[in-house]
Amino acid sequence: MTILGLDISQLPWAAGIADGEGSFLVTTSVDKRRLTIGNLKTYSYPRPRFTVSQSGKNGIPQMLTRMKSLFGGFIRGPYDGGGKRAPIYQWCLHGHERVQWAMAAIWPWLGDVKREQAIHCLTEYRKRSPMNKPSKCPHCELVARPGPLATHIRWKHK
Ligand SMILES: [Zn+2]
């Protein structure tokens, strides 16, 4: 049986990993090119991330490989764990759609603390996304979000 294209038998496990070692956060990525989103110009854009960090003495921890084969994404590291500690590896899933998809898949088994972090992550993303910031039509006084604004311009000022 599958949920959102994922093997349901894997999902309680993945939720447990997210509860224990996972993190949902929004980071700002900077692009050297100026991006145009709607009619806004920006150099940076927010990105939701779902990450799991784990130390591994003998290479990439199996937990991270399993998260990668389940949801995709990539594994980074090793990073210096500091002192005599084992190096750290991190599995990362980037992007609004993919992170939201993974959250939705593990949601039924996810604990309250991580649920709250997930909601905060998406709220923060929506607040910061240039796609959600109102901007003004160059032809009239209309103020709308970039997506609807593009449609407005296409239909009203063609
Ligand atoms: Zn207009």
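Just so it is clear, none of the values below were taken in a lab; they were calculated from the coordinates. Computed from a predicted structure; not experimentally measured. Cβ sites come from the backbone with ideal geometry, for glycine too, and all protein chains shown count toward neighbours.
What the table below lists for this structure:
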{"read-out": "Cα centroid separation - the stretch 102-145 against the stretch 58-93, whole Å", "value": "28"}
{"read-out": "Cα gyration tensor shape for the stretch 2-133, rounded if a/c is under 1.5, else prolate or oblate", "value": "oblate"}
{"read-out": "Rounded to 10°, Cα long-axis angle of helix 96-106 versus longest principal axis of the chain", "value": "50"}
{"read-out": "FRET efficiency for Val113 and Lys84, using Cβ-Cβ distance with R0 set to 35 Å, rounded to 0.05", "value": "0.70"}
{"read-out": "Among Arg98, Arg85, Arg126: highest mean-square fluctuation, GNM of the chain, C-alpha pairs under 10 Å", "value": "Arg85"}
{"read-out": "Added length on full extension, which subtracts the Cα-Cα distance from 0.36 nm per residue, Lys127 to Thr2", "value": "41.8 nm"}
{"read-out": "Residue-span extension gain [Trp155 to Arg66] - 0.36 nm each, minus C-alpha spacing", "value": "27.3 nm"}
{"read-out": "Net charge, Trp91 excluded, C-beta distance under 13 Å - Lys, Arg +1, Asp, Glu -1", "value": "+4"}
{"read-out": "Dipole of the chain, positive direction: furthest Cα of Leu142, Val52, Gly81, with charges on the beta-carbon", "value": "Leu142"}
{"read-out": "Rounded to 10°, Cα long-axis angle of helix 11-21 versus longest principal axis of the chain", "value": "90"}
{"read-out": "With Cα atoms, 0 to 90° folded angle of helix 112-128 axis to the chain main axis", "value": "30"}
{"read-out": "Aspartates and glutamates with Cα under 13 Å of Lys57, excluding same-chain neighbours fewer than 8 positions away", "value": "Asp80"}
{"read-out": "Lys, Arg +1 and Asp, Glu -1 on Cβ, resulting dipole of the stretch 2-133 about Cα centre, debye, nearest 20", "value": "640"}
